[in-house]
Amino acid sequence: QSYFKNAVMEVAEKVLIREVLFIFQGIEGSIIKFDASKDTYRIDNKVRLSASQKELILKLSDVGWLYNKVQSFCEWGGSVAGSERTAGRSTAGLVNQSLVLALREELTEYCRLIALLEAQIQEGGDTPLCEASSGLTLRRLVMWTLEPRARLLALVYLTHAARQVYGGACVSAIYQHMQHGNPGHRAVVRHVLTLACTPVYVMLTQWLLDGTLDDPHHEFFIASDPTVPDDKLWQDKYSIRWSMLPSFINKCQAEKVLASGKSLNFLRNVCHFRAPIAGRDAIKTALQQTTVESLFTPEENTQLDDLVALTFRETSSHVLEEILARHKLLDHLRALRRYLLLGQGDFINYLMQILNVELCKPASNLYPHNLSSLLETAVAASNAQYEEPDILQRLDVRLLEVSPGDLGWDVFSLDYHVDGPIGTVFTAECMQQYLMLFNALWKDKRMEMILSDIWREQAATSKLCRELPELGVVLHGVQLLTTEMVHLVHQMEYYMTFEVLECSWHGLMTTLKTAHSLDQVIDAHKHFLDRIIAGALLDDQSKQVRTHLRTFYNLIQNLRGLQERLSLAVCSEVHARRTHQEAVKARTDAGDFGTWAEQEEIEKKRRKEFMLKVVPKLKSDLRINTQTYQDMVQSFLLMLTQHDDDNLHLLSTRLDFNEYYHRRDYRLNQRLT
Amino acid sequence: GALGDVSSTSQEHQLIEDVLSVMMGIEGRYITVQLPTKHYDSPEFTVDPSVEPSLSTLVSRILPLCGYYSQLIRFVENKSCYHHGLVNQALSAAITNLIKDYMLLVTQLEEQHQHWALTLHKLYFYVEKTMAVMDMLACVTRVISKSEAHGGAVLSILHDRTVSLTGCGQLQDVMVFLTQSAAVPYMNILAKWLYRGIINDPYNEFMVVDRESGSEENEDEDLADDYWEKRYTIIPQNIPTFLQVHANVILRTGKYLNVIRQSDHSVVCPHQEELVYSVRDRSYAEVIERTYNFASKRLLELLMKEKDLMGRLRSVKHYFLLDQGDFVVQLMSLCEDELSKNIDDVVPTRLESLLELALRTSAANSDFYKDDIECDLQPITLMTQMLRILSIETEDEREYYPQEERLQLTGLQGFSLGYRVTWPVSLVLDRKTIACYQMIFRHLFYCKHVEKLLCRVWVSNKVAKSFPLSASRTYTAAFALRQRMLNFIQNIEYYMMFEVIERNWQNFINKMQKVENVDEVLAFHNDFLSGCLKDCMLTSPELLRMISKLTTICVSFANFIERMKKYYLEAELWMSDERRDSIDREESPEPAATIHEDSQSFEQTISRFELQFSGMIYTLMERISEMGRDNYNDALVNVIYRLDFNMYYAKKHEHLRMATS
């Protein structure tokens, strides 16, 4: 019994071939079994076969093994892990579904071949004696399966690559296998990829054409965030999901795609543009010419690339037109420059003058309605009145946060309301920057005003001073100091207006002229603001310089105090002397003695007191002021020369054009080569 | 059991069965296989020793074929892996195709065998032809595997083999088929590179490599000059031998296309054809030539039309070759104070703003490219710079290297202009070219400066008109020398400006009107510059040294006169009343006492200057005429006629020689 059980069976080749055909479809036979522990096929030991037959069968069973792999992938859709096999297929996403579809198609093709082979056996099956006439031998099977095996192998590679990825990433994974020198292999991959790409292609065309996203499994490379409100639509709502970007779409194209759909949504939701968008027909016809394959074969057919470029061009120009023509972006830019960057000189000057009284009060006593009526006065009195009413309406007064001890000057600011589509360009951050710039420029301007006030008073004082030669030195010193300060302030203003504002503005205008898309406009504007902020020494890098400038402003205030004291002293002294002389004259006219010893004594004493108390005090004040000022200028120049910005080096050269400060400070003499 | 026991017909039958197995790579019953140690070698077969010897020998004739087969199979399986590259994969695919034919043969033989119609002799006859092909294939694959060739190298091996098989008819056809199939991916990469300038080469098989790929974000303006030189490079081992001659052209074609693309122009080559490898007719060579011409022409168009290359060059000429007279004069007088300082004390920003001022206040203001001019201070003199360049790769290379002469250098000697060029104009005006322009500029500028100094001496000499006759005789020698110096320097300038630069420029312009592609532009421009450098005597160290010595003498003479001016004015005009007030009395209370000694030494110094100057100018002229004798169609000889227009020096020299002899 046991002998019989272990008896080796001789098997006819025909039987073997039948077995092998089952194996080809992944089905175990009676002789050839699947060994799950080793993941291979093996032949029943009981069966006696020649070594060469065994080897042939093992070789052929490989094909079955490959078939099994692909088949099992198809079953659970390549989702995350084996345990989720049942759930996997529906959640894996559209790309994976179509991938499975493609694989199934390939497998069907393969099964057809097996069926053909089977038929060949059937034909020859009736002749009992020899298989010779059947025309099918194991060797022949090897030959027949040569090609299907290669195809299956390619498919297995693909399934391996597509494991645990979905959507765009899955497409990328498959696309990697396109890079193969074997034309047969490439053809298989191409076929599978074409099908797998279809969902992506559909989403892409929808997005390009309508700006709609229909992507339940987050497979597409464009993501939208439904929580973002419409006013931030351009900046925040849509983004590129980089992990889902198919590797055959490059970054630049992806950005164009994003911008195209975003523009459509922008037009619809923000600009409330209802009319059909022109130029759609051209895009539609271009779209009809593209195929799924043009997605991943950019070198063979450029239709898709053309389509993306075309759509981008069309929608972008549309958005630009909307923003520039209908919403008058340039006018707003100009207005911002005029009012917030102090471009409109007469208006700013007048405004500053009429605000002077109001703003010298403590900040807590200010009322916006007072200020805005003054603003209206200033508008009416200057050329600003010819501005578009829309723009004037947006112009407003704003008080910044008050901290204790602030004067009106510290908290006053102009404001410009932006909303709607242009708010996309003038974002909240941009407006913050504008306010910051206004603040700095306003301060600079005010210093200029103070200095010119000082100068005016000096002109009056110097006239009076002719009667007081003892104060000539002080007056002269004050005048010199004022001139130095005026020089600095003027140079700074020159620098700001011409080197910074004008240059940046020019840059902005040229880029705007050549801009093709809203993004370029936004970037140009941002760049414009950044440049001005850096130029106005408001960025982090020049913080130190800015603080220095602030101390300089304090010095100007001090000088004003000094000037006031000086003119007060001069006035009172001159007045005292004049009354004295007039009294003398009056008495002499009356025929009396003009003066007498006692009174003379009082007068002398008064003059002596003036000489001893008031004059030295003024002199020392002046000396202190001059000294601190000069120290400050020197370190200021030093800072400028050490700054990274070349323009500031030029500014420092201009400030010290005749090397007046240069000679005083060895540090400015450092070697630069 | 052993096979030897059965009849020879059975033996034969069994052996054929085994041979058919072995031919499919499966070990037989009586034929055993030993696998080789190296994967690319052929396996060893042993036939059962008991077999009849004649049969055994016949079998062993057939067995190599089985070895070839297994070699090929192993090659195909090995090289189909991704990392072996596209060319190897394509080659494997082609070999697989051939193997399919072979398998068909085997199955046909099997069929015959099943019908008992096959004998070993017949078998041998059937496989003999296939054997030669398989032998060749195995041999080729072995070479490829052994050298671990990859990409272009594989194609080289295949091509060489194909060529060496010329005349072998069918074998060559097979090889051509193989090479053609293997070359397909490579040719695709090549086509993409030639037609669009894109490299899509995942396994580094192509001969051109892009060093910057992947980092596309930092394509900013501040690309270094040699960026394009270094970005694309050729990998020599990846050039297939049949493309060797075109390698450079291929590199440049793609590079030009990239240049055009970078300037925001999409380029599509109009005549895109599939590139196919072939041994005999070199259709691909024509395509390469055509695309190269296209790319080159397109780039030239871009440069000439959109980037206004000629306008740029003209602007460069305005500034560097002192073409714009008023600008140069303006610049020189504005910067004189700043530049007369030591070079380390010159403030570059101040210089920059002065330059700006000069640009905007002269006629250069209308130049569109004036903003690209900048200042450039170089810490060595022109002569050292030239000598260093000239001495590179000669024996005295080291001699000029470690010299520290920075300290004595004035700003004027180190001053030169710079020019900011953006891509793609920097293709023509690269750093080297600008350096050449700078050298010429420095030379001309310095000469101009010397002329200015001498002219100033001339102005101050005009005072001598009011000197008494007796006194003025003291100064005639000095005046005469000044005149000669002025003559010298002005003529040298004239020569350089008109006979060298203008003439070369005209030539250059004429050539540029007929220019066809970018390489010609580069070549012409190079010719122009080297012509200018050579004829301005900058390339001959000997002449350059002489010229610079002469200018040094002139400068020290001018300085000396300037210094002495105060003294002689006082000395000669102290007595004349009307001048007395104009001279500052406080500075020299007793001028008359010191004058005598001064004038004594004054005359001596002048004569010393005179001696130096004449000596130098003689040697210079002699040297030039010597050179002229060697090479008489040089423009250089004209200098002599200019310098010695009325044979003054010639006569004097004759005189001198007579006196000494």
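The values are calculated or read from the model by the stated rules, or taken from the named source; none is laboratory data. All values reported here derive from a predicted model rather than from experimental measurement. Don't worry about glycine lacking a Cβ; one is built from the backbone with ideal geometry, like all the others, and counts go over all protein chains shown. With ligands, DNA and RNA removed, areas are computed over all heavy atoms of the protein, side chains included. Shrake-Rupley method; radii C 1.70, N 1.55, O 1.52, S 1.80 Å.
Taking every alpha-carbon pair within the stretch A:512-576, the share separated by more than 13 Å comes to 75 percent. Going by alpha carbons, how many degrees (0 to 90, nearest 10) lie between the helix axis of B:469-494 and the longest principal axis of chain B? Around 20 degrees separate the two axes. Could you list log10 I(q)/I(0) for the stretch B:88-164 at q = 0.13, 0.14, 0.22, 0.27 Å⁻¹, which the Debye formula gives when each Cα is one point scatterer? Log10 I(q)/I(0), no solvent term: -0.52, -0.57, -0.99, -1.28. Alpha carbon centre of the stretch B:433-450 versus the stretch A:284-354: separation in Å? Taking the Cα centre of the stretch A:284-354 as reference, the centre of the stretch B:433-450 is 48 Å away. Pairs of Cα atoms nearer than 8 Å and 6+ residues apart set the relative contact order; for chain A it is 8 percent. Against chain B, whose longest principal axis comes from its Cα atoms, helix B:541-573 is set at around 20 degrees.
Taking only the C-alpha atoms of the stretch B:46-183, the Rg (one decimal) and the largest Cα-Cα distance, Dmax (whole number), read 16.7, 50 Å. Each residue of the stretch A:362-374 was assigned a 3J(HN,Hα) from its phi angle through the Karplus curve 6.51 cos²θ - 1.76 cosθ + 1.60 (θ = phi - 60°); the sequence is x, 4, 6, 8, 8, 10, x, 5, 4, 5, 5, 5, 5 Hz, with glycine and proline shown as x. Summary value for the stretch B:67-178: 34 percent relative contact order, contacts being C-alpha pairs under 8 angstrom separated by 6+ residues. Only alpha carbons enter this Debye calculation for the stretch B:326-369, each as an equal point scatterer, and the log10 of I(q)/I(0) it gives at q = 0.33 Å⁻¹ is -1.13. Cross-link pairs exceeding 32 Å in C-alpha to C-alpha distance, out of B:K511/B:K652; B:K452/B:K534; A:K256/B:K305, comprise B:K511/B:K652. Radius of gyration (Cα atoms) of the stretch A:542-660, expressed as a multiple of 2.2 N^0.38 Å: 1.76. Gain on full extension, evaluated as 0.36 nm per residue between B:I389 and B:Q506 minus their Cα-Cα distance, stands at 39.4 nm. In whole percent, and with a 1.4 Å probe on the protein chains, what portion of the accessible area of chain B is carbon and sulfur? Looking at chain B in its full context, I get 52 percent from C and S.
Summing Lys and Arg as +1 and Asp and Glu as -1 over all other residues whose Cβ lies under 14 Å from the Cβ of A:D331 gives a net charge of +3. Full extension of the segment from A:A381 to A:K46, taken as 0.36 nm per residue of separation minus the current Cα-Cα distance, would add 109.3 nm.
Along its first, second and third principal axes, ordered by size, the stretch B:131-194 spans 39, 25, 16 Å in Cα coordinates.
The angle between the Cα long axis of helix A:303-321 and the main principal axis of chain A comes to about 30°, on a 0 to 90 degree scale. For A:S413, nonlocal amide neighbours, meaning residues 5 or more places apart or on other chains whose placed amide H falls under 5 Å from its own, are A:R398, A:L400. The loop-placed trypsin sites (Lys or Arg not before Pro) in the stretch B:15-96, going by DSSP, that have at most 16 neighbouring Cβ atoms within 10 Å of their Cβ come out as B:R29, B:K38.
Qualifying trypsin sites (Lys or Arg not before Pro) in the stretch A:258-356, where qualification requires a DSSP coil assignment and no more than 10 other C-beta atoms within 10 Å, comprise A:R274. Both radii come from the Cα set of chain B: Rg as radius of gyration, Rh as Kirkwood radius; their ratio Rg/Rh reads 1.27.
A Stokes-Einstein calculation at 10 °C with viscosity 1.306 mPa s, built on the Kirkwood radius of the protein assembly as shown over Cα pairs, returns a diffusion coefficient of 38 µm²/s.
Charge dipole (Cα centre; +1 on Lys/Arg Cβ, -1 on Asp/Glu Cβ; no other charges) of chain B amounts to roughly 1740 debye. Counting only Cα atoms, the size of chain A along its three principal axes is 172, 58, 43 Å, in decreasing order. The value obtained for the stretch A:308-421, namely the Cα convex hull volume divided by the number of residues, is 121 Å³ per residue.
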